[in-house]
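Take a look at the structure set out below.
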Amino acid sequence: MENGNSYRHILKWGDKHEESISHHMAEVIKEKFGLPEADFKRKHLPGTEPVKIDKPSMLKPAQLDFFRSVSGAENIMTDDLSRARFSCGKFYGELLDLRFGLVPDPPDGVVAPRTHEEVEKIISYCSDEGIAVVPAGGLSSVTGAVRAPAGGIALDLTKHLNRVLAVNKVNKTVTVQAGIYGPALEEELNRQGYSCGHFPQSFEYSTVGGWVSARGAGQASTGYGKIEDMLVSVRAVTPAGVIATGDFPRTAQGWDIFRLFAGAEGTLGVITEATLHIFNYAPENTASAGFIFRSFEAAVEAMRTIIQAECGKPHLFRISDPDETDIAFRTSGFDGTLADRVLQMLGFKTGSRCLMFVTVEGEKEYTRFVIRKIKRKARAGKGMYIGTTPVRKWLEQRYSSAYLRDPMMDLGIMTDTLETAVTWENLLNVWKAAHDYVARRAKAFMMIHISHVYENGANLYFTFLSPMEKGNERHDFTTFHRGLVETILKHGGSISHHHGVGRVLAPWMEGHLGRSSMELLRAVKKHLDPNNIMNPGGTLGL
Ligand SMILES: Cc1cc2nc3c(=O)[nH]c(=O)nc-3n(C[C@H](O)[C@H](O)[C@H](O)COP(=O)(O)OP(=O)(O)OC[C@H]3O[C@@H](n4cnc5c(N)ncnc54)[C@H](O)[C@@H]3O)c2cc1C
């Protein structure tokens, strides 16, 4: 049985409830992977044992006394459960470790500072003592960015540094403490008539500090931008001192220093505060539309035409490729219905048809104008309008679908995601190469979607599933995952679009960016963190 101090409690997503696989989904799994009925009745590697860490905490009594004197004894934890909880994020390989009862990279302790000034004292002390510091937000990283291979402390920013400091209605910005979670920020902004505009699928369990540090993207990023587009300024504590940047709209005073912290993944310092652009909150004005296309190529072409038309931008803008579309139709019970048969007759065939979802947010006349233009262009691209219900349904399950990975792993199915950015001219090339790669593995399945769209290109988001090789789970996953990363890079995709690099993709960083660029990153790191205490041990390939 699971309990609050088990590995399972740590590895599970979100509010930790036990999600089950629907009847439709079970049918798809049986068909695709040939899983026997018995596998649905037991849990593979459930991780239900109580957490136990063999590595003792290396913090010395004098060091613990120091942390207690700064932040209070109640904010310093060295017990096994806390250390295990802060030893990892939600990368598949980390979840597998926990299922095996392994905690390879625990911090020696967890410190939860109460103020910016306490962070300053802690960072200065840790730099002098050579104690590693891993800044921790919601621990939803999927790139191994919150492990502590050098021990030291995890700095829990969520316990106290989690408030909205100011909503500036004149400048239309919000200043927050970095450990604030998405819902707390959005609730306060909605109360004042605004929205943060940043809604990653992990929204409920991730923080502003983590969004900025991993350069995240929310579901409406095509309209609102990625988090770095919303970032106005930061206040950050580095071992070399505090960096606080101004709230200017734009400047020409050399490099934008605040941008160094977007994507730094905790390697330069601790962001304690951030100021972000905010947006009007008017959900009643949102216009949406769903379309279906006969092929992925046609849907991509329509998407490109729409984004390059300069007639206003969608906010949510997605295409599911044929495999993802088929799974959506099958698991929702749409397959085989009368509506499905009509679609098939019209040439929207299983195995090639693709769904496109759009929303436009903003002022009422604007959203109506833009959605009209989009409908016209989608139709011109041979897309068929299928109403707004599919978009609404997709939005309704957006956060809950994140819970499905846990029951999939219980069934012995490996499932992970990767994402990349590509130019339009190269998009189909990378999409095809990734599918070809996965097709070479027996009983493997991949769904791909586009969800963040730009004038010169878009992202591709890959979700792969395959039965684990029982008894060889770790090696099997690592080998398969590595092959997919290499396929994406070889065909010209970027190393990441919005998950960041962490330790998982770090081995490819130098090859991807080039030596001179990596040396530049290392020089910045060396200046701000001369004793290499900030998230050391490979993050970003530093
Ligand atoms: C189910 C699921 C869905 C996801 N969906 C999305 C998505 O739609 N879009 C997306 O962009 N990402 C997504 N992610 C990835 C992840 O949620 C994001 O990377 C998120 O931005 C991480 O935020 P966090 O608060 O959890 O940060 P953490 O995981 O705690 O930390 C991430 C990195 O930021 C650093 N860091 C955190 N706070 C600070 C700080 N204050 N100062 C300095 N460094 C700091 C950490 O050291 C680490 O390197 C998803 C993850 C999961 C598990």
Pick from the stretch 495-540 the residues that are part of a loop (DSSP other than H, G, I, E, B) and surrounded by fewer than 17 Cβ atoms within 10 Å (Cβ to Cβ): which of them is nearest to the chain's Cα centre (by Cα)? 514
Would you point out the residue of the stretch 445-489, among those that are among the polar types (S, T, N, Q) and in a strand (DSSP E or B), that is nearest to residue 352 (Cα to Cα)? 463
Which one is surrounded by the fewest Cβ atoms within 10 Å (Cβ to Cβ) among residues in the stretch 198-225 that are of a type outside the set (Gly, Ala, Ser) and more than 8 Å from the ligand (Cβ to nearest atom)? 204
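Yes/no per residue for (1) within 23 Å of residue 155 (Cβ to Cβ); (2) more than 24 Å from the chain's Cα centre (by Cα):
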position: 5; (1), (2): yes, yes
position: 9; (1), (2): yes, no
position: 29; (1), (2): no, yes
position: 53; (1), (2): yes, yes
position: 58; (1), (2): yes, yes
position: 72; (1), (2): yes, yes
position: 75; (1), (2): yes, yes
position: 94; (1), (2): yes, no
Among (1) open to solvent by 70 Å² or more (accessible area, probe 1.4 Å); (2) in contact with a Ser or Thr (Cβ under 6 Å, 6 or more places away or on another chain) - the single one residue 470 does not satisfy: (2)
Just the residues that are within 10 Å of the ligand (Cβ to nearest atom) and touching a Lys or Arg at 6+ places or on another chain (Cβ under 7 Å), please, taken from the stretch 272-289. 272, 273
The correct count of residues that are open to solvent by less than 30 Å² (accessible area, probe 1.4 Å) and without any contact (Cβ under 8 Å) to a residue 40 or more places away in the chain in the stretch 312-344 is 5
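For every residue, the table says whether it meets (1) within 13 Å of residue 493 (Cα to Cα); (2) in contact with a helix residue (DSSP H, G or I) (Cβ under 6 Å, 6 or more places away or on another chain); (3) among the β-branched types (Val, Ile, Thr); (4) more than 16 Å from the ligand (Cβ to nearest atom).
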{"position": "392", "(1), (2), (3), (4)": "no, no, no, yes"}
{"position": "411", "(1), (2), (3), (4)": "no, yes, no, yes"}
{"position": "426", "(1), (2), (3), (4)": "yes, no, no, yes"}
{"position": "437", "(1), (2), (3), (4)": "no, yes, no, yes"}
{"position": "451", "(1), (2), (3), (4)": "no, no, no, no"}
{"position": "459", "(1), (2), (3), (4)": "yes, no, no, no"}
{"position": "465", "(1), (2), (3), (4)": "no, no, no, no"}
Any residue at all in the stretch 132-148 that is more than 14 Å from the ligand (Cβ to nearest atom), at positive phi and either in a loop (DSSP other than H, G, I, E, B) or within 20 Å of the chain's Cα centre (by Cα) (or both)? no
In the stretch 459-497, residue nearest to residue 536 (Cα to Cα) [restricted to those that are touching a residue at least 24 places away in the same chain (Cβ under 8 Å) and among the charged types (D, E, K, R)]: 474
Exactly one of (1) within 12 Å of the ligand (Cβ to nearest atom); (2) over 21 Å from residue 89 (Cα atoms); (3) in contact (Cβ under 8 Å) with a residue 60 or more places away in the chain; (4) surrounded by fewer than 21 Cβ atoms within 10 Å (Cβ to Cβ) is unmet by residue 240. Its number? (1)
Could you tell me which residue of the stretch 158-197 is nearest to the ligand (Cβ to nearest atom), considering only residues that are in a loop (DSSP other than H, G, I, E, B) and open to solvent by less than 10 Å² (accessible area, probe 1.4 Å)? 178
Among the residues of the stretch 201-234, which ones are outside any helix (DSSP H, G or I), of a type outside the set (A, V, I, L, M) and without any contact (Cβ under 8 Å) to a residue 60 or more places away in the chain? 218, 225, 233
Residue 66 being surrounded by 15 or more Cβ atoms within 10 Å (Cβ to Cβ) and more than 30 Å from residue 468 (Cα to Cα): yes
Sort out which residues of the stretch 98-124 are without any contact (Cβ under 8 Å) to a residue 60 or more places away in the chain, open to solvent by 10 Å² or more (accessible area, probe 1.4 Å) and part of a helix (DSSP H, G or I), and write them in order of number. 117, 118, 121
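To keep it simple, each residue is scored yes or no on (1) within 16 Å of the ligand (Cβ to nearest atom); (2) touching a residue at least 24 places away in the same chain (Cβ under 8 Å).
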position: 499; (1), (2): yes, yes
position: 504; (1), (2): yes, yes
position: 515; (1), (2): no, no
position: 521; (1), (2): yes, no
For the stretch 26-57, which residues satisfy the criterion of being surrounded by fewer than 12 Cβ atoms within 10 Å (Cβ to Cβ), aliphatic (A, V, I, L, M) and touching a residue at least 12 places away in the same chain (Cβ under 8 Å)? none
Is it true that residue 434 is more than 22 Å from the chain's Cα centre (by Cα) and not basic (Lys, Arg)? no
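The values are calculated or read from the model by the stated rules, or taken from the named source; none is laboratory data. For clarity, every value in this text was computed on a predicted model and none was experimentally measured. Don't worry about glycine lacking a Cβ; one is built from the backbone with ideal geometry, like all the others, and counts go over all protein chains shown. The area values use the complete protein model at the heavy-atom level, side chains included, leaving out ligands, DNA and RNA. Shrake-Rupley method; radii C 1.70, N 1.55, O 1.52, S 1.80 Å.
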